[in-house]
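Readers should treat all values here as calculations from the given coordinates under stated rules, not as data from a laboratory. Just so we're clear, the structure is a prediction, and the values are computed from it rather than from any experiment. In this analysis, Cβ positions are derived from the backbone assuming ideal geometry, glycine residues included, and neighbour counts consider all displayed protein chains.
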Amino acid sequence: MRWLDSLRPGEVKIDEEAVRINVLMEVEVIPEPPRKPEGSLTEQEIESLTRLWEGWDAFWSLKLSPYCQPLTKDERKSLLELLLSTRSHSRWH
């Protein structure tokens with residue numbers, strides 16, 4: 001346990017309510033093992049995920065709409081641009 005042997009005090013801060021001491025140690029960083037590449041989604045899986053996402057999109061749009069404040073023209077334009085770019089990039093192809 002080399003980390004235990006490397007324990008040492010760091011910066012000390014003293015104030016009216018506490019004495020704070022950082023404890024320092026050396027640790028070995030172990031790299032993560034390589035991950036196996038995941039397979040591509042089938043067309044059926046893509047369609048299923050798309051329908052699921054569209055259902056949640058409609059649900060949250062309906063539930064959150066009463067809480068929305070009126071938007072300015074610039075805000076509406078920004079949201080439309082965001083929505084369109086997100087939907088065009090959200091296909092799982």
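Of the trypsin sites (Lys or Arg not before Pro) found in the stretch 1-36, the ones in coil according to DSSP and having at most 16 other Cβ atoms within 10 Å of their Cβ are R35.
Give me the angle, in degrees from 0 to 90, between the Cα long axis of helix 43-64 and the longest principal axis of the Cα atoms of the chain, rounded to the nearest 10. Roughly 90 degrees, rounded to the nearest 10.
Here the Karplus relation 6.51 cos²θ - 1.76 cosθ + 1.60, evaluated at θ = phi - 60°, turns the backbone of the stretch 72-86 into coupling constants of 6, 4, 5, 5, 4, 4, 4, 5, 4, 4, 5, 4, 5, 5, 5 Hz, with x for every Gly and Pro. For the chain, the relative contact order comes to 21 percent (Cα pairs under 8 Å, sequence separation of at least 6).
Highest-first packing order for the peptide set 65-74, 3-12, 48-57 is 48-57, 3-12, 65-74, based on the mean count of other beta carbon atoms within 10 Å. When only the Cβ of Lys, Arg, Asp and Glu is charged (+1, +1, -1, -1), the dipole of the stretch 7-93 relative to its Cα centre reaches about 380 debye. Over every Cα atom in the chain, the radius of gyration and the widest Cα-Cα span, Dmax, amount to 26.1, 65 Å. Listed by chain and number, the lysines whose C-alpha is less than 29 Å from the C-alpha of K73, apart from same-chain residues fewer than 8 away, are K63.
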